[in-house]
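S.K.: Just dropping this structure here.
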Amino acid sequence: QLVGNEQDHKYFLNRSFNYRKLYNAETGFFHPKDNKGEFIMPFNYKFSGGMGARKYYGENNAWIYRWDVPHSVADLIELMGGREQYIKNLDDTFNEPLERSKYAFYAQLPDQTGNVGQFSMANEPSLHIPYLYNYAGYEWKTQERVRMILKSMYSNTEDGLCGNDDAGQMSAWYVLAAMGIHPICPGDNKYQVTSPVFNKIEIKLDSKYYSGKKFTIIANNNSAENIYIQSMKLNGIPM
């Protein structure tokens, strides 16, 4: 649209909503269909799809891909029936049991490790999920979840990661989370905010565009127990 090609704009905008075609309003999950366009039944949102759930998803089960609409979270909230149901579905993701022993669960879903309920800290498709509370006015839950993950899922030992670092994605998540920021959607220039681990962080900006300036994050009264953001300012202006 920015370059004036309205035809391409409409084409790709329409494609960006294709996830709607797989949404099962009765269950609140994205549900595979057969070649007749019917939802495949019977279906288990944890275990259908064989090894790595790859027949229908990819490395993770339907509980993870329920949240794979990072470019249109507002529409996902609407699909799920509104803010309260959306928040309940998020909570359920972190509370839903594996239903099998860890040995049996990981035998089928070896990449979906580092579990908090059905949430997996070990694989890319799920790393944005703790930040999705921000979109519905429950920012404190994002702050709580992220701090819990930083504390329980990482350590400076030989088993300090709960999954495959995969070219550094888990390590990068830690660095960003400790700084209190996270990019949800590729191509979007917005960051989601949570409470940083450090009292002060200085980011050196690209000197080509910002003349060597720094972006400074200051967290007043920060501690391991005091993790909730009460107010925030950008360049002295309340946000």
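S.K.: Within the range 115-164, which residues are open to solvent by less than 10 Å² (accessible area, probe 1.4 Å), without any contact (Cβ under 8 Å) to a residue 60 or more places away in the chain and either outside any helix (DSSP H, G or I) or β-branched (Val, Ile, Thr) (or both)?
M.R.: If the condition is that a residue be open to solvent by less than 10 Å² (accessible area, probe 1.4 Å), without any contact (Cβ under 8 Å) to a residue 60 or more places away in the chain and either outside any helix (DSSP H, G or I) or β-branched (Val, Ile, Thr) (or both), then Phe119, Met121, Ala122, Thr142, Val146, Ile149, Gly160 are the ones that fit.
S.K.: Next up: Taking the condition of being of a type outside the set (A, V, I, L, M), open to solvent by less than 100 Å² (accessible area, probe 1.4 Å) and farther than 21 Å from Cys185 by Cβ, how many residues in the range 1-28 meet it?
M.R.: So the count comes out to 6.
S.K.: Let me ask something else. With in contact with a Phe, Trp or Tyr (Cβ under 9 Å, 6 or more places away or on another chain) and surrounded by fewer than 18 Cβ atoms within 10 Å (Cβ to Cβ) as the only criterion, which of Phe105, Phe94 stands out?
M.R.: Residue meeting the stated conditions: Phe94.
S.K.: Suppose we keep only residues that are of a type in the set (Gly, Ala, Ser) and without any contact (Cβ under 8 Å) to a residue 40 or more places away in the chain within the range 88-114. Which one would you say is nearest to Ala53 (Cα to Cα)?
M.R.: For the range 88-114, the residue satisfying everything is Ala107.
S.K.: Let me ask you something else. Run down Met51, Met41 and say which single residue is aliphatic (A, V, I, L, M), modelled with pLDDT of 95 or more and either under 28 Å from Pro186 (Cβ atoms) or surrounded by 15 or more Cβ atoms within 10 Å (Cβ to Cβ) (or both).
M.R.: Met51
S.K.: All but one of (1) in contact with a strand residue (DSSP E or B) (Cβ under 7 Å, 6 or more places away or on another chain); (2) over 16 Å from Tyr131 (Cβ atoms) hold for Pro238, so report the exception by its number.
M.R.: Of (1) in contact with a strand residue (DSSP E or B) (Cβ under 7 Å, 6 or more places away or on another chain); (2) over 16 Å from Tyr131 (Cβ atoms), only one is false for Pro238: (1).
S.K.: Report yes if Val175 is hydrophobic (A, V, I, L, M, F, W, C), at negative phi, in a helix (DSSP H, G or I) and surrounded by 13 or more Cβ atoms within 10 Å (Cβ to Cβ), otherwise no.
M.R.: no
S.K.: Find the residue count for the range 154-169, including only residues that are at pLDDT 95 or above and closer than 17 Å to Pro110 by Cβ.
M.R.: Adding up the residues that qualify gives 0.
S.K.: Additional query: Could you list all residues from the range 186-227 that are in a strand (DSSP E or B) and either among the small types (Gly, Ala, Ser) or open to solvent by less than 100 Å² (accessible area, probe 1.4 Å) (or both)?
M.R.: Gln192, Val193, Ile201, Glu202, Ile203, Phe215, Thr216, Ile217
S.K.: Further question on the same structure: Looking only at residues that are outside any loop (DSSP other than H, G, I, E, B) and of a type in the set (Ser, Thr, Tyr) in the range 1-21, which one is nearest to Ile77 (Cα to Cα)?
M.R.: Across the range 1-21, the extreme among qualifying residues is Tyr19.
S.K.: Let me ask something else about it. Does the range 49-58 include one or more residues that are small (Gly, Ala, Ser), in a loop (DSSP other than H, G, I, E, B) and in contact with a Lys or Arg (Cβ under 8 Å, 6 or more places away or on another chain)?
M.R.: Checked against the condition, which is being small (Gly, Ala, Ser), in a loop (DSSP other than H, G, I, E, B) and in contact with a Lys or Arg (Cβ under 8 Å, 6 or more places away or on another chain), the range 49-58 yields at least one hit.
The values are calculated or read from the model by the stated rules, or taken from the named source; none is laboratory data. All values reported here derive from a predicted model rather than from experimental measurement. When we count neighbours, we look across all protein chains shown, and the Cβ atoms used for this are built from the backbone with ideal geometry, even at glycine. SASA here: full protein model, heavy atoms, side chains in, ligands and nucleic acids out. Shrake-Rupley method; radii C 1.70, N 1.55, O 1.52, S 1.80 Å.
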